[in-house]
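Working notes, beginning with the structure itself.
The values are calculated or read from the model by the stated rules, or taken from the named source; none is laboratory data. This structure is a prediction, so every number in the text was calculated from the model and none was measured. Cβ sites come from the backbone with ideal geometry, for glycine too, and all protein chains shown count toward neighbours.
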Amino acid sequence: MKNKENRSPLAIKFMGFLFVILLASSCIPNEKIVYMQNKEDEEALSNDQLIALSRVDYKLQPNDILLINFYSRELGEVEKYYPIFARPDNLLRMGNQNGGGNNGNGNNNNDPYMTGYNVDRDGKIEINSLGKVNAAGLTTTELKKQIEDLIRPDISDIGVSVKLSGIPFTIYGEVNNPGPQLVRQYDLNLLEAIARAGDLTINANRNHVLIMRQYPDGVKIHEVDVTGRKFIESELFFIQPDDLIYVAPLKIRELGTGETALQTFATIVSVISGTVLVISVLSNN
């Protein structure tokens, strides 16, 4: 009898200790969840302050798809630079035949993959009547000027527009909708990319978001803390074509606790109830 009485206080202490440990280790503080906190209390990053952005002109790379158009007072003069199937008159004719450019099979004649100019593995694009033109390592503005200079001897008033077909990127890990994305706009920041993936999960490690970015000589892996504001000033604020974004889980996920306070409390109660049951069985033996 005395032995059992001695065990009770020990069991209560053990359960209390277990409760404190589980509670402390299973709580995710707001500091790890809230975006764009001014962690260093920098005046330059405080609310209502103008933050300068570090925009970098993207250098074209192999596998980029470009949309290129040619302009002149004499429309017939520039047609020869388009692929035959992508010439304006042919596109219009095909669109009328297929009911506005989309036929019954779902094929879109304006799909950039079909009508755009692909930068090949050698960094070149092929333009009808011009042949191979170097593109890799140039900005779209530099490529536009280069093409205009090549055509100007034949067409004095030539105008060329060059733009990317969109910003493709892939995001996976602790996001609600992982997978590849294609955004048809001129620039895209990291927070917008996260929003397009349905936001990060509650277990996401927002302090260590990884971005694998392609460069002419290979790839680099960068780390970004989206719970702070410093990254807004960096070049990594903007997504580049073919960026690969990975969001790792917090260590707390290894414990298997709930995502909300209620779920966490229920988990702790379950663990303690099981422990009490085990201790009771051992005490009665």
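Return a yes/no flag: does region 171-181 have any residue that is small (G, A, S), assigned to a strand (DSSP E or B) and in the same structural domain as Y117 (by TED's automatic domain parsing).
As a first pass, look at region 171-181 and keep what is small (G, A, S): 173, 179.
So of that shortlist, the ones also assigned to a strand (DSSP E or B) come out as 173, 179.
If we keep only those that are in the same structural domain as Y117 (by TED's automatic domain parsing) too, we end up with none.
Checked against the condition, which is being small (G, A, S), assigned to a strand (DSSP E or B) and in the same structural domain as Y117 (by TED's automatic domain parsing), region 171-181 yields no hits at all.
Please enumerate the residues belonging to region 29-48 that are polar (S, T, N, Q) and surrounded by 11 or more Cβ atoms within 10 Å (Cβ to Cβ). Write out each step before concluding.
To start, the set of residues in region 29-48 that are polar (S, T, N, Q) comprises 30, 37-38, 46-47.
Selection gives Q37, N38, S46.
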Among the residues of region 182-208, write down those that are of a type in the set (A, V, I, L, M, F, W, C), in a strand (DSSP E or B) and under 17 Å from V34 (Cα atoms).
L200, A204
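If you scan region 61-77, which residues turn out to be assigned to a strand (DSSP E or B) and either in the same structural domain as R184 (by TED's automatic domain parsing) or surrounded by 15 or more Cβ atoms within 10 Å (Cβ to Cβ) (or both)? Outline the logic, then answer.
If we filter region 61-77 for residues that are assigned to a strand (DSSP E or B), which is where we start, we get 65-71.
Answer for region 61-77, where residues must be assigned to a strand (DSSP E or B) and either in the same structural domain as R184 (by TED's automatic domain parsing) or surrounded by 15 or more Cβ atoms within 10 Å (Cβ to Cβ) (or both): I65, L66, L67, I68, F70.
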Need the failing condition index for P112 against (1) buried (at least 17 other Cβ atoms within 10 Å of the Cβ); (2) at pLDDT 80 or above; (3) touching a Ser or Thr at 6+ places or on another chain (Cβ under 9 Å), just the number.
(2)
Please verify whether region 187-200 includes one or more residues that are closer than 18 Å to R55 by Cα, surrounded by fewer than 20 Cβ atoms within 10 Å (Cβ to Cβ) and in contact with a helix residue (DSSP H, G or I) (Cβ under 8 Å, 6 or more places away or on another chain).
yes
